[in-house]
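The values are calculated or read from the model by the stated rules, or taken from the named source; none is laboratory data. Quick caveat, the model's predicted, so the values are computed rather than measured. Backbone-built Cβ (ideal geometry, glycine too); neighbour counts: all protein chains shown. Areas reflect the complete protein model, heavy atoms only, side chains present, ligands, DNA and RNA absent. Shrake-Rupley method; radii C 1.70, N 1.55, O 1.52, S 1.80 Å.
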Amino acid sequence: MSFPPPLTFADSDKSPLSIRAKALVFVDARSRQLRERAEALAGNGQPLLILGETGTGKELLARYVHRHSERAGLFVAVSCAAISPQWGEAELFGHVGGAHAGAASSRAGWFGSANGGTLYLDEIADLSRPLQSKLLTALETREVYRVGASQALPVDVRLVAASSIELSRAVAAGTFDERLYAYLCDGQLLFPALRQRVGDILPLAEYFLGIHALRLDLSIPSISPAAQAVLETHRWPGNTRELENVIHFALLLAGNGEIGPEHLELPGIA
């Protein structure tokens, strides 16, 4: 069975992304609806919030939105969990030379790097509350103060944020800024879990199979009908990330032979 080719992202080759983060598949009916909404929102410049389970491919969708926005600037991806608690403001907004120890030269920060483009903040709920407030101020005023600076700098940044948790519950718990949530929620994109996009499973499996076979200098084996049925009925709690790992290891176990259920190493397979 042949499927439409995945949408690939050449710019991701320059960043430390896994194979699963270099292609996006829109075969399932729910995925096609998601693509249509993403394309409809891409060009208007409003901030977006992508919601979905871990491993679904939220950064991929953000890259897709950026590509269809026709913004001339860069796509800058930042993991909020990796932002330093001590120097987070300088990382986001930049700093002038001498602003703190070890900062001899000025830095533009993530906002400055994304000027004219898109800033993708993964797991935005991991930002501290003070940084959430300062982020909202920068987005509303379209200007930032670099740490140590006396004057603001204008910025043109389109924010695309992502979360694996329901931000409304984080707001209720007091861990997420209510005003920032309201700023984001007008442009929401819900990325369904892989088990809810059954039509995407086999196209993704074939893509991963081809890429890993090429990398390992192996011929591309076929996936038996029985193995295809197993792939389509598995619940995929780890989503696309789990699927890539399963296909990778199945290829190593099957070699140049056909991939059968016994190569998938999924629960319930004898």
With all protein chains present, calculate the accessible area of Cys185 using a 1.4 Å probe and round the result to the nearest 10 Å².
40
Counting only residues 5 or more apart in sequence or on a different chain, those whose built amide H sits under 5 Å from that of Gly117 are Gly73, Leu74, Arg158
Given Cα positions, please report Rg to Rh for the stretch 157-205, the hydrodynamic radius being the Kirkwood one.
1.12
Over the Cα atoms of the stretch 49-165 the radius of gyration and the largest Cα-Cα distance (Dmax), both in Å, equal 14.2, 42
Please identify, among Gln33, Gln86, Gln132, the residue showing maximal mean-square fluctuation in a Gaussian network model of the chain using a 10 angstrom Cα cutoff.
Gln86
Cα centroid separation, the stretch 249-270 to the stretch 154-204 (Å)
34
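Viscosity 1.567 mPa s, temperature 4 °C: what is the translational diffusion coefficient of the stretch 217-270 from Stokes-Einstein with a Kirkwood Rh over Cα pairs, rounded to a whole number of µm²/s?
Calculated translational D: 115 µm²/s.
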For a quick check: with amide H placed at 1.01 Å from N, whose amide H comes under 5 Å from Leu189's, ignoring anything fewer than 5 positions away on the same chain?
Leu49, Ile50, Leu51
Give the share of C-alpha pairs in each 5 angstrom bin for the stretch 148-270, from 0 to the last occupied bin, in whole percents, shortest bins first.
2, 9, 16, 15, 11, 9, 8, 9, 8, 7, 4, 2, 1, 0
In nm, what is the difference between 0.36 nm times the number of residues separating Arg169 and Ser133 and their Cα-Cα distance?
11.2 nm
For a quick size check, give me the Cα extents of the chain along its three principal axes, largest first, whole Å.
66, 38, 34
Carbon-plus-sulfur fraction of the accessible area of the chain, 1.4 Å probe, in percent?
52
Percent antiparallel among DSSP beta bridges (both partners in the chain, rounded to 5):
20
Which is the longest part of the chain that has none of the GluC sites (Glu not before Pro) sitting in a DSSP loop with at most 15 other Cβ atoms within 10 Å?
71-165
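Which trypsin sites (Lys or Arg not before Pro) in the stretch 165-270 sit in a loop by DSSP (not H, G, I, E or B) and have at most 12 other Cβ atoms within 10 Å of their own Cβ? Walk me through the intermediate numbers first.
On the way: sites: Arg169, Arg179, Arg195, Arg197, Arg215, Arg235, Arg241; in loops: Arg197, Arg235.
For trypsin sites (Lys or Arg not before Pro) across the stretch 165-270 that sit outside H, G, I, E and B with at most 12 neighbouring Cβ atoms in 10 Å, the list reads Arg235.
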Taking only DSSP H segments of four or more residues, each worth -39500 (n - 2.57), what value at 222 nm results for the chain once the sum is divided by all its residues, to the nearest 500 deg cm²/dmol?
-12000 deg cm²/dmol
Net lengthening on full extension, Asn245/Ala152 (0.36 nm per residue, minus Cα-Cα):
28.9 nm
